[in-house]
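Report on one structure; see the data block that follows.
The values are calculated or read from the model by the stated rules, or taken from the named source; none is laboratory data. Only a predicted model underlies this, so the values are computations on that prediction, with no experimental measurement involved. Note that each Cβ is placed from the backbone with ideal geometry, even for glycine, and that neighbours are counted across all protein chains shown.
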Amino acid sequence: MNISLVPRSDMQQRLRLRRFFMASATYLVTALLFVAAAVQGLISVGAVCIMVGAIILVNLFFYGVIRSGFNLRFRDPSLTMPQIAAANLLLILMVYYAGEARGIFLLLYITSFVFGVFRLQTRHFLALSIFSLTSYALVVLLLAYRQPEVVDLSLEFMRWIALVAALTWFSFLGGYISRLRHRLKTSNKKLQEAMATIADMAVRDELTGLFNRRYLMNAIKHEKDRADRFGKPFSVAVLDIDWFKQINDRFGHLAGDKVLRRFAQVAESHLRAVDVFGRYGGEEFMVIMPGTTLEQARVCAERIRHAVEQEDYAAVLGDLSLTVSVGLAEYRLSEDIAPLLERADSALYRAKHSGRNRVECFAAA
Ligand SMILES: Nc1nc2c(ncn2[C@@H]2O[C@H](COP(=O)(O)OP(=O)(O)OP(=O)(O)O)[C@@H](O)[C@H]2O)c(=O)[nH]1
């Protein structure tokens, strides 16, 4: 069984657990503070045990919820509000048990709020502030009722006012930081999308969405290297739509564009996923077929030729049919790319001059 403290694959969950461990470290420091206060005789050992026990339980609970993935069922999987609320409940316990040393723990309210800047808005901070201030006031009043000798109400009131000021200030500052973070995240996302679009534009043909000539040339170079290394064949097909000028002249350039797009879809749907299909230029296309001999490439090219011929273009071309001529050549180990393309071109030339709508191969020498 593979057990790890943090998930290995889910980066988001890892980040959430890392933040959780930061909070746990803060709890540890707080627990040490409590122990120190006990050593000084300010807090009873029983109170320390209750606090440490409560801290361990709360941490185990949140660790279990996040590590099991149960947190993903909630809108905020980081469980920011519940975690800060739990921290504040623990703080209330501390304030209650800390007796006269409770002033020490006021600072920890701000510490717990700091974790909210990853997610919370001003209104969330204000809600948490109201919760913290009310609960703090109630605990002090309870203490004043049960142990009046340990509570100086005017001093407590000043502490409370200081807490009101600090938490309100933090609510606005924290909200502001959170907004900045959100804006940064949004612009980062937009930047990433823009980069992806640019990367796509660099390799795609705008009209058909197929790979462009630059991509095809890189792909063919890559395939040549692979063939030379492993001695595996590959073939190249150059496809040229027949009488395309007539289509433009009769139906207009826009109709010509539509035909190019449709042709690209039809041809692509008859290729294997490993084949690289792109627009070589104008009405000329190219297919690079890895691991394919000339004879196998012919079968594939015939399939495309037939599919193009069968496709119904009546909506754009009326009674005119669309056909394609294909020239094929197989790579010869260690040769350059230029002679391979020349052979495919001359096979295409032959197809055009033998009546079009046909597949011609450049036979092996
Ligand atoms: N609509 C449109 N036409 C294009 C595009 N690129 C090239 N063309 C046109 O494609 C036509 C190619 O014509 P030709 O090279 O004479 O070939 P063809 O008419 O197809 O004749 P054959 O190839 O000999 O069968 C030209 O009219 C180009 O203007 C494009 O992106 N859109």
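Conditions (1) charged (D, E, K, R); (2) over 24 Å from Ser354 (Cα atoms), marked per residue:
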site	(1), (2)
Ile220	no, yes
Asp228	yes, yes
Arg279	yes, no
Phe285	no, no
Leu294	no, no
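What strands (runs of 3 or more DSSP E) lie completely within the range 269-347 and have 2 or more residues being under 18 Å from Arg214 (Cα atoms)?
Result: 276-281, 284-290.
Yes or no, residue by residue, for (1) within 38 Å of the chain's Cα centre (by Cα); (2) surrounded by fewer than 18 Cβ atoms within 10 Å (Cβ to Cβ); (3) within 16 Å of the ligand (Cβ to nearest atom):
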| residue | (1), (2), (3) |
| --- | --- |
| Gly278 | yes, no, yes |
| Asp312 | no, yes, no |
| Leu320 | no, yes, yes |
| Val324 | no, no, yes |
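Residues of the range 238-261 being more than 10 Å from the ligand (Cβ to nearest atom) and touching an Asp or Glu at 6+ places or on another chain (Cβ under 9 Å), which ones?
Val238, Leu239
Under 6 Å between Cβ atoms, which residue pairs at least 6 apart in sequence (or on different chains) link something in the range 1-29 that is over 17 Å from Ile56 (Cα atoms) and at pLDDT 90 or above with a partner that is among the hydroxyl-bearing types (Ser, Thr, Tyr) and surrounded by 16 or more Cβ atoms within 10 Å (Cβ to Cβ)?
Arg16/Ser78
Could you check Phe211 against (1) within 12 Å of the ligand (Cβ to nearest atom); (2) modelled with pLDDT of 95 or more and say which number it fails?
Failed condition: (1).
So Ile50 ticks every box in (1) without any contact (Cβ under 8 Å) to a residue 60 or more places away in the chain; (2) more than 29 Å from Leu142 (Cα to Cα); (3) in a helix (DSSP H, G or I) but one. Which box is left unticked?
Of the numbered conditions (1) without any contact (Cβ under 8 Å) to a residue 60 or more places away in the chain; (2) more than 29 Å from Leu142 (Cα to Cα); (3) in a helix (DSSP H, G or I), the odd one out for Ile50 is (2).
Would the range 237-244 turn up any residue that is within 22 Å of Ala202 (Cα to Cα) and assigned by TED's automatic domain parsing to the domain that holds Ala344?
Yes, the range 237-244 has at least one match.
Can you find even one residue in the range 128-147 that is charged (D, E, K, R), touching a residue at least 24 places away in the same chain (Cβ under 8 Å) and in the same structural domain as Gln83 (by TED's automatic domain parsing)?
no
Of all the residues that make up the range 163-191, how many are surrounded by fewer than 14 Cβ atoms within 10 Å (Cβ to Cβ) and under 17 Å from Arg119 (Cβ atoms)?
12
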